[in-house]
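Structure record follows, encoded as C-alpha cells.
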Amino acid sequence: MGVIYMDYNATTPADPRVVEAMLPYFTERFGNPSSPYGLAHKSRAAVERAREQMASGLGCRSSEVVFTSGGSESDNSAIKGVAFAHLPERGHIITSAIEHHAVLLTCEYLEKEFGFSVTYLPVDADGLVDAKDVRRAVRDDTWLISVMYVNNEVGTIQPLKEIADIAREHGITFHTDAVQAIGKIPVDVDALGVDLLSLSAHKLYGPKGVGALYVRAGTRMHPLVHGGSHERGMRAGTENVPGIVGLGKAVELAVDEMEIETARLTPLRDRLEKTLLSEISGVALNGHREKRIPSTANLSFLFVEGESIVLSLDMEGVAVSTGSACTTDAAGPSHVLAAMGIKPNVAQGSVRFGLGRHTREADVDRVLSLMPGIVERLRAISPLRDRA
C-alpha cells in the first residue's frame, strides 16, 4: 500500500501536465529570456505566456504580475516594498494575529529595525477577522493592511471585500496572502478589491521555488531584490523559466478544475469530520464550519498530543500534520489556534487533514479505520488525561 497523503496544505505533487509543459525549458529551450537572439525569444515568449495565464486566473492585466521565488518572497516584497516606499517616514501597518510567519515576522522586522508601528488584529473563535476591528485600527499614518485570504491551518476564509472597502475609503494599500486560496475558491483581484496578492506554485500542483505577486498598477512600492531590470524593474534576477511555465500551467488547470474539485472534496471532508466527531469522544473542530475552503479539516483530540497522532499515522503510511509546515520545529501550540482562544492543552492535540487532487474515498476510509485505535492507545498512556 502506498502513502496516503493528506497534507496538501503543506505542499502538492506536481501535476504531470505541469511537468510536461516545463520540460522543454530545461533542455532545448534553455535560453536566457533577456538575451537578444531567437533561442532566448522562445524563453521570453514562454514567460509572457505564463504571465497571461496568471492574469487570466486572477482577473488582472499581465503587466501587473511579478514572478518571484514563492509565497514568502511575495509576502516580503509586498510588505517591505510598501514600507520602504514611505521611508524615511515611519508609518502604521495593520495585519492579523493568524497570518503566515512570512507576514508576521516581516512586520516584526519592520517594527524592530525601522520603527514602524504594527497592529495585530484579534480573531474570533472561528478564526475570522472582524472588519469593524480593521476600521477601528486605522490611523492617519496607516499605509498598509495585510490580511490573508484563507488561513493555512484551519481553512477559514476572511472577509476581504469588507476590509478592502475600508482600505479604499482611507486610501490604504491592501495586501492579501492568497497562497491557500488559488484553485480552491474564486480569486478575482477586482472583486476582492486588493492591491497586492501573493501566491505560490507548489500549493497548487506546480513546482517548488516559484511564485507570483500581483501588483495593482499605480501601487507605491520599492523592489525587494535589486540588480537587473527583470520583471519590469520589480524583481531583479534571471527568470526561472521552467518554474514560471509550470506556475502558469498550474494556475490555468487549478482554475479550470476548481468547481469539479470542490464538488468532489467537500463530501469527503465532511464525512471525515462527521465520523471522527461521532465515533471518537473528546474531539473538537477548529475553524468556521461554513466560511472555509473545502479541502481542510483541523480537529483537536483531547488528552493526546497531535504530534503523536501524526507519527502514529505515519507508521501506518498516512501523511498528515499538526499545522503549518513552516513552523514544524517551533515549540508550543499553534499561534493560529492560540489567537482563536483555544486552550493550549486542546491546541496541542490538533491535527490538520489537507485533502487534495489525489484523495479518494478509500483514503478517507483508511484514515477513519485507523484513528479510533490510535487515539485510544495514545490516551491510555497519556499523562494529559491525568491532569484533566
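Some notes on this structure:
- Top-ranked residue in segment 320-351 [being modelled with pLDDT under 80 and β-branched (Val, Ile, Thr); ranked as most open to solvent (accessible area, probe 1.4 Å)]: 328
- For segment 182-205, a residue qualifies if it is more than 17 Å from residue 65 (Cα to Cα) and crowded, with 24+ Cβ neighbours inside 10 Å, and the qualifying residues are 183, 184, 203, 204, 205.
- Checking 74, 34 one by one, the residue that is open to solvent by 50 Å² or more (accessible area, probe 1.4 Å), of a type in the set (S, T, N, Q) and either assigned to a helix (DSSP H, G or I) or more than 24 Å from residue 185 (Cβ to Cβ) (or both) is 34 and no other.
- Candidates in segment 152-170 are the residues that are open to solvent by 40 Å² or more (accessible area, probe 1.4 Å) and in a helix (DSSP H, G or I); of these, the one that is nearest to residue 72 (Cα to Cα) is 161.
- Some residue of segment 338-360 being free of Cβ contacts under 8 Å to residues at least 60 places away in the same chain and part of a strand (DSSP E or B): yes
- Qualifying residue in segment 222-234 (condition: open to solvent by less than 10 Å² (accessible area, probe 1.4 Å), in a loop (DSSP other than H, G, I, E, B) and either out of contact with any strand residue (DSSP E or B) (no Cβ under 8 Å at 6 or more places or on another chain) or at pLDDT 95 or above (or both)): no
- Being farther than 22 Å from residue 180 by Cβ and either aliphatic (A, V, I, L, M) or loosely packed, with under 15 Cβ neighbours inside 10 Å (or both) holds for only one residue in 46, 50, 14, and it is 46.
- All positions within segment 116-141 that are open to solvent by less than 60 Å² (accessible area, probe 1.4 Å) and of a type outside the set (Val, Ile, Thr): 116, 117, 121, 126, 127, 128, 131, 133, 137, 141
- Residues (within 18 Å of residue 132 (Cβ to Cβ) and buried (at least 24 other Cβ atoms within 10 Å of the Cβ)) located in segment 90-103: 94, 95, 96, 98
- Selection within segment 162-199 - over 18 Å from residue 63 (Cα atoms) and of a type in the set (Ser, Thr, Tyr): 173, 176
- Residue 89 meets each of the listed conditions (1) touching a helix residue (DSSP H, G or I) at 6+ places or on another chain (Cβ under 9 Å); (2) touching a residue at least 40 places away in the same chain (Cβ under 8 Å) apart from (1).
- Within segment 209-221, tally of residues that are part of a loop (DSSP other than H, G, I, E, B) and touching a residue at least 40 places away in the same chain (Cβ under 8 Å): 7
- Qualifying residue in segment 134-151 (condition: in contact with a helix residue (DSSP H, G or I) (Cβ under 9 Å, 6 or more places away or on another chain), under 17 Å from residue 78 (Cβ atoms), in a loop (DSSP other than H, G, I, E, B) and in contact (Cβ under 8 Å) with a residue 60 or more places away in the chain): no
- The C-beta contact set for segment 234-259 (first residue at positive phi, second residue in a helix (DSSP H, G or I), distance under 9 angstrom, 6+ apart or interchain) comprises 237/231.
- Checked against (1) closer than 24 Å to residue 240 by Cα; (2) open to solvent by 30 Å² or more (accessible area, probe 1.4 Å), residue 87 meets all criteria but (1).
- Helices (runs of 4 or more DSSP H) completely within segment 239-319 that count 2 or more residues being touching a Phe, Trp or Tyr at 6+ places or on another chain (Cβ under 7 Å) and open to solvent by less than 60 Å² (accessible area, probe 1.4 Å): 241-256
The values are calculated or read from the model by the stated rules, or taken from the named source; none is laboratory data. A quick note: this is a predicted structure, and the numbers were derived from the prediction, not measured. All Cβ positions, glycine included, derive from the backbone under ideal geometry; neighbour counts span all protein chains shown. All accessible areas refer to the heavy atoms of the entire protein, side chains included, with ligands and DNA or RNA removed. Shrake-Rupley method; radii C 1.70, N 1.55, O 1.52, S 1.80 Å.
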